[in-house]
Amino acid sequence: MPKAIAHVTRARYLLLLLPFVAYLYPGWYDRIEPHLFGFPFFYWWQLLWVVLTSLSIGAVMLLGRVRR
Amino acid sequence: MTLRDEVFAGLILLVSAMGFVAARWGGANLQRLDEWALGGRRFGTIVSWFLIGGDLYTAYTFVAVPALIYGAGALGFYAVPYAAIAYPFGFVVMSRFWTVARNRGYVTAADFVRDRFGDRSLEIAVALTGVLALMPYVALQVVGMKAVFVHLGGAFATGNGELALTVAFVLLAAYTYTSGLRAPAAIAFVKDTLIYATVIAAIVIIPPRLGGWAHIFSASSAALAARPKPASILLQPQLAVAYATMALGSCFALFIYPHSITSVLAAKSRVVVQRNMALLPVYSLMLGFLALLGYCALAAGIKTTNGNVVVPTLLTMFLPNWFAGAALAAIVIGALVPAAIMAIGSANLFANNVFGEFTPRRAQGSAHLSKLLALALLLFALGFVVFVPTKYAINLQLLGVIWMVQIVPAFVLGLYTRALHPKALLLGWIVAMATATWMAVSTVTSTGSLSPNITFTYWSHPVTAFIALYGLAINLAVTIAATALFSLLRIRRAPDATSPRDYS
């Protein structure tokens with residue numbers, strides 16, 4: 001495997017850190033505005049990130065498949 | 001009997017029958033441990049998705065999370081980040097564990113620790129942690145069922161719901177004994193279909209009748225602020241650390257609980273495990289909306305001191321009669337599925353890693369002992385709820401999460417490195433278990449009830465954080481220091497029974 005591709009395949013695991021960054025500092029999202037469909041930011045941000053967590057795991061799997 | 005009660009009773013009978021019939025699924029020899037306990041490690045993506053989802057998202061979760069939101073506001077929403085970040089963690093750790101377990105025939109986490117470190121006492125410590133943490137969790141499933149029976153009233157509530165509870169539980173114990181993991185796997189389809197239908201119906205029907213989400217949030221905000229002990233729909237800044245540490249600490253515990261291990265190991269390939277980690281967050285999304293039913297209850301003006309009745313009351317208030325029957329059945333079935341898997345998971349630990357270590361000649365791969373123990377554990381849990389006040393089950397379950405995290409160094413780090421000395425890991429575990437339990441018990445004197453969080457003052461800033469993470473920090477510090485000491489003293493350690501290719 002060429003070195004550059006090996007780096008990409010390893011680096012894809014960094015995507016798995018995104019949900020931790022999004023969730024573990026509540027100071028970033030603990031507010032009311034902006035609203036979305038009547039939901040305060042605190043709630044829709046966290047619900048949105050459930051979907052994005054799922055997508056980042058999916059992306060890691062897909063990037064792993066490209067390698068083979 | 002009303003239509004609601006008939007639908008309810010019919011569904012419970014249906015899943016009980018499915019539990020017994022499941023023994024024939026795949027036509028395997030159920031006397032073999034990996035057939036009885038792990039369904040022959042043959043489940044594909046879809047079966048695993050229902051099974052793991054049905055296992056992790058228990059009835060107690062469905063009742064307790066909205067109850068917490070109803071009682072404490074924003075803090076209760078920590079279940080959502082927790083149930084999201086557990087998946088990237090599980091994706092990395094559990095797919096590695098699945099592989100080594102498949103290659104070496106492990107059924108429990110303690111099986112792996114025994115081979116990896118060659119240390120019987122560490123194996124027993126890991127096994128006992130799992131059993132101790134799970135027993136109150138099984139008991140809480142019974143509590144969830146009891147709440148529904150009492151709410152239904154009539155014949156179901158005979159003897160404070162204990163008659164119906166006993167019938168449901170004896171049936172559960174019987175089909176868990178005969179069918180093993182195949183029973184909850186089959187029932188999980190019914191459970192999750194009902195739960196999804198209920199949550200979607202609740203989300204479609206209830207908010208518009210209460211004037212829409214914007215109004216629900218503002219009404220909840222007002223109701224929480226008017227409490228004798230005011231709460232809020234936003235997190236008070238002094239609770240931010242508690243919120244984040246509870247999410248992170250619980251995330252470490254989720255997949256290393258014995259029942260999670262049981263249902264993950266039942267997958268047929270590593271890719272099935274990985275795919276499920278990407279797909280299971282759908283359940284977390286549902287949990288998030290379900291949690292918000294706690295605010296719907298506030299907006300609907302439901303007033304109670306027992307938060308556990310909030311969801312059943314709300315469902316009966318807003319859903320058509322027959323649908324309410326199905327929804328209440330979903331909660332009861334939602335308790336049966338995890339209770340069966342929890343009994344199987346802890347029975348395996350007892351049979352393989354505790355009793356097995358003390359009997360010279362054990363029947364390798366036989367399910368006999370595990371089956372009897374699963375039966376005994378379920379009956380014990382029933383007795384626990386009938387004779388011991390609910391408060392103790394809840395407190396013990398809180399302690400359970402804190403305890404479970406203490407096997408992270410031996411089990412999770414053990415999957416990647418053998419650098420830590422087994423006796424040091426044991427020492428770290430002992431110190432952390434004792435200190436963390438003491439911390440939790442000491443919160444009773446300061447807050448009046450057992451709390452998962454403790455407040456320390458650092459440079460005159462009070463910080464409230466989850467005790468499980470304090471335990472883990474102490475655990476790691478002791479383990480690392482003792483490893484350094486033991487290697488200086490050249491204390492011998494057993495070789496690794498696994499080899500690098502077992503992991504890939």
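Consider region B:207-220 and keep the residues that are at the interface with another protein chain (Cβ under 9 Å from one of its Cβ atoms) and crowded, with 19+ Cβ neighbours inside 10 Å. The one that is nearest to A:L24 (Cα to Cα) is B:F217. For region B:431-442, the set of residues classified as in contact (Cβ under 8 Å) with a residue 24 or more places away in the chain and touching a strand residue (DSSP E or B) at 6+ places or on another chain (Cβ under 8 Å) consists of B:M439, B:A440, listed by residue number. The residue pairs whose first member lies in region B:130-152 and is touching a residue at least 40 places away in the same chain (Cβ under 8 Å), whose second member is assigned to a helix (DSSP H, G or I) and among the acidic types (D, E), and whose beta carbons are closer than 8 Å, counting only pairs six or more residues apart or on different chains, are B:K146/B:E162; B:L152/B:D5.
Among what's in region B:412-437 and is within 11 Å of B:V113 (Cα to Cα) and surrounded by fewer than 23 Cβ atoms within 10 Å (Cβ to Cβ), pick the residue that is farthest from the chain's Cα centre (by Cα). In this case the residue turns out to be B:R418.
Condition first: surrounded by 23 or more Cβ atoms within 10 Å (Cβ to Cβ) and modelled with pLDDT under 85. Can you find one or more residues in region B:91-106 that meet it? No - not one qualifying residue is present in region B:91-106. Residues of region B:358-377 include at least one that is at pLDDT below 85 and β-branched (V, I, T). If you filter region A:14-55 down to residues that are more than 7 Å from every other protein chain (Cβ to nearest Cβ), in contact (Cβ under 8 Å) with a residue 12 or more places away in the chain and under 17 Å from B:I85 (Cα atoms), you find that the one that is surrounded by the fewest Cβ atoms within 10 Å (Cβ to Cβ) is A:L52. The set of residues in region B:158-167 being crowded, with 22+ Cβ neighbours inside 10 Å and touching a residue at least 40 places away in the same chain (Cβ under 8 Å) consists of B:L165 alone. Just one of the numbered conditions (1) surrounded by fewer than 20 Cβ atoms within 10 Å (Cβ to Cβ); (2) among the aliphatic types (A, V, I, L, M); (3) modelled with pLDDT under 90 is not true of B:A440: (1).
Here is a check on your reading of the model: is B:V271 within 24 Å of B:V401 (Cα to Cα) and either more than 8 Å from chain A (Cβ to nearest Cβ) or part of a helix (DSSP H, G or I) (or both)? So that I can check it myself, show each step before the final result.
Values: within 24 Å of B:V401 (Cα to Cα): no; either more than 8 Å from chain A (Cβ to nearest Cβ) or part of a helix (DSSP H, G or I) (or both): yes.
No.
I'd like to check which helices (runs of 4 or more DSSP H) are fully inside region B:13-106 and have at least 2 residues that are β-branched (V, I, T) and within 21 Å of the chain's Cα centre (by Cα).
Working: elements: B:33-38, B:45-56, B:59-72, B:79-104.
In region B:13-106, B:45-56, B:59-72, B:79-104 are the helices (runs of 4 or more DSSP H) which contain 2 or more residues that are β-branched (V, I, T) and within 21 Å of the chain's Cα centre (by Cα).
Within region B:194-235, the set of residues being in contact with a helix residue (DSSP H, G or I) (Cβ under 6 Å, 6 or more places away or on another chain), closer than 20 Å to B:L319 by Cα and not in a helix (DSSP H, G or I) comprises B:L210 only.
State whether one or more residues within region B:299-313 are within 14 Å of another protein chain (Cβ to nearest Cβ) and either farther than 30 Å from B:I46 by Cα or at pLDDT 90 or above (or both). Step through it out loud before you land on a result.
To start, the set of residues in region B:299-313 that are within 14 Å of another protein chain (Cβ to nearest Cβ) comprises B:299.
Remaining after also requiring either farther than 30 Å from B:I46 by Cα or at pLDDT 90 or above (or both): B:299.
The answer is yes, given that some residue of region B:299-313 is within 14 Å of another protein chain (Cβ to nearest Cβ) and either farther than 30 Å from B:I46 by Cα or at pLDDT 90 or above (or both).
The values are calculated or read from the model by the stated rules, or taken from the named source; none is laboratory data. Predicted model, so just to flag it, every value in this text is computed and none were measured. Cβ atoms come from the backbone with ideal geometry, glycine included; neighbour counts cover every protein chain shown.
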